[in-house]
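First comes the structure, then the notes that go with it.
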Amino acid sequence: MFIALLDGVGVGALPDAHLYGDEGSHTLRNTALAVGGLHLPNLERLGLGLFEDIPHLDRPSAPLSWYGKMLEQSPGKDTTSGHWEIAGVILERPFPVYPQGFPQDVVEKIEEAIGRPILGNKPASGTAIIEELGEEHLRTGFPIVYTSADSVLQIAAHEEVIPLSEFYAMCERVRAIMTGEHAVARVIARPFSGDPGAFYRTPYRRDFSLPPPRETILDVLSQKGKKVVGIGKIWDIFAGRGIPESFPTKNNEETFATLQKMVPRGDVALVWANFNDFDTLYGHRNNPHGFAQALEAWDRELEGFLSSLGEDDILIITSDHGCDPTTPSTDHSREYALLLAFSPRTSRGGCLGIRKTFADVAATVAELFEVRWHGPGESFAPYLVSR
């Protein structure tokens, strides 16, 4: 079974989006409108255009997949909460956020943990803040700390000022002190390079997440001897729990190439890949044209992947939140997750409707692999195994 998660590709504002300032967000539709339509023939064949009115997407009479969308029950709009809910953990309280920056007592603990002062300490775009403070960072060696509307503590450092191994160790120390009321979902290492006026973020980002507070479907599978593989930042998001084998990747292209290599492996039960470029490179930078081009490139890769699947393989394409590149905000948006479930053994697809929680994926995985699942969610597995 393969889960391909298109990070940030939301499909419409959730009913409570107004509580997050995200009314009108619809990453997929608004991107299509901004660029004059999307060319996604393989996603169209699966049925992407049937559940959502996306400009220029066909509505096939006989879709290849079971299609729908999923409502997030967890509060917030964070990568971690979205992934955790897909794996069967629904949060009761949102992770803490810091719209005014981190309080002084937290800053003091951070500086003590890393042994040097920090720069920044405010919500900011990652590319903007390294342009603003990068030169001072080069001069002083002080790392740049910032946050966003999401529950993150991000640390940026130039690779020639703080080498990667030292930088990652620094972020691990910060992760260790961000606990209790300040237990942010992720501490993110954001290395960059270049010169003043031409700084750029390198592909060696690392996410240091909290471990899930309860058992996930990944834990259950691993306990039953069914191997789980993470591709991209999946291992980071679950703090390694239930994921004995991981392949970090630099971009969508490398992620898809790694996913393709997993198809012939007979020792793996579940492969979960995160395609992060949509969110990181285009959603957060309000670049709908780049977002559209990334979607179309992903769709081209999808064609060969679908044809390589065996009769007993299953592919679920989904997302974790929105990141609408057409809104004034550069942050995530509170949106439905897309859902396309494909199996070569089924003769037809159909509508799965609006699922009540992302955790329906966890329940489906449990039923397909015949493991006991005590967590939330309603399985749609019967649709994927009937002929």
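Number of residues in segment 152-163 that are of a type in the set (S, T, N, Q) and surrounded by fewer than 23 Cβ atoms within 10 Å (Cβ to Cβ): the value is 0.
Take the residues in segment 255-293 that are among the hydrophobic types (A, V, I, L, M, F, W, C), in a helix (DSSP H, G or I) and more than 14 Å from GLY322 (Cβ to Cβ); name whichever of them is nearest to the chain's Cα centre (by Cα).
LEU281
Candidates in segment 345-362 are the residues that are at pLDDT below 95 and of a type in the set (S, T, N, Q); of these, the one that is surrounded by the most Cβ atoms within 10 Å (Cβ to Cβ) is THR346. Put simply, of THR280, THR258 the only residue that is surrounded by fewer than 23 Cβ atoms within 10 Å (Cβ to Cβ), at pLDDT below 95 and of a type outside the set (Phe, Trp, Tyr) is THR280.
The single condition among (1) aliphatic (A, V, I, L, M); (2) out of contact with any strand residue (DSSP E or B) (no Cβ under 9 Å at 6 or more places or on another chain); (3) over 23 Å from HIS56 (Cβ atoms) that ALA292 does not satisfy is (3). Scanning segment 213-239 for residues that are in contact (Cβ under 8 Å) with a residue 24 or more places away in the chain and farther than 25 Å from PHE256 by Cα, which turns out surrounded by the most Cβ atoms within 10 Å (Cβ to Cβ)? The selected residue is VAL220. Of all residues in segment 184-208, exactly one satisfies the criterion of being small (Gly, Ala, Ser), loosely packed, with under 14 Cβ neighbours inside 10 Å and either more than 25 Å from ASP277 (Cα to Cα) or touching a residue at least 40 places away in the same chain (Cβ under 8 Å) (or both), namely GLY197. Just one of the listed residues (LEU339, LEU368) is in contact with a strand residue (DSSP E or B) (Cβ under 9 Å, 6 or more places away or on another chain) and either within 18 Å of ASP313 (Cβ to Cβ) or at pLDDT 95 or above (or both), and it is LEU339. The residue that is farthest from the chain's Cα centre (by Cα), counting only those in segment 18-29 that are buried (at least 21 other Cβ atoms within 10 Å of the Cβ) and not hydroxyl-bearing (Ser, Thr, Tyr), is ASP22. Taken over segment 116-131, the criterion of being touching a residue at least 12 places away in the same chain (Cβ under 8 Å), surrounded by fewer than 20 Cβ atoms within 10 Å (Cβ to Cβ), assigned to a helix (DSSP H, G or I) and not polar (S, T, N, Q) is satisfied by GLU131 alone.
Do any residues in segment 2-15 that are part of a strand (DSSP E or B) have Cβ atoms under 7 Å from those of residues that are modelled with pLDDT under 95, where the two are at least six apart or on different chains, and which pairs are they? Going by the 7 Å Cβ cut-off, the qualifying pairs are VAL11/GLU52; GLY12/GLU52.
Inside segment 46-80, residues that are assigned to a helix (DSSP H, G or I), modelled with pLDDT of 95 or more and of a type outside the set (A, V, I, L, M, F, W, C) make up a count of 0.
Go through segment 364-379 and give me each residue that's surrounded by 21 or more Cβ atoms within 10 Å (Cβ to Cβ) and touching an Asp or Glu at 6+ places or on another chain (Cβ under 9 Å).
Passing the criteria: THR364, GLY377.
Taken over segment 305-353, residues that are within 16 Å of TRP66 (Cα to Cα), of a type in the set (S, T, N, Q) and either part of a strand (DSSP E or B) or not assigned by TED's automatic domain parsing to the domain that holds ASN286 (or both) amount to 1.
The values are calculated or read from the model by the stated rules, or taken from the named source; none is laboratory data. Just so you know, these numbers come straight off a predicted model, no measurement behind them. When we count neighbours, we look across all protein chains shown, and the Cβ atoms used for this are built from the backbone with ideal geometry, even at glycine.
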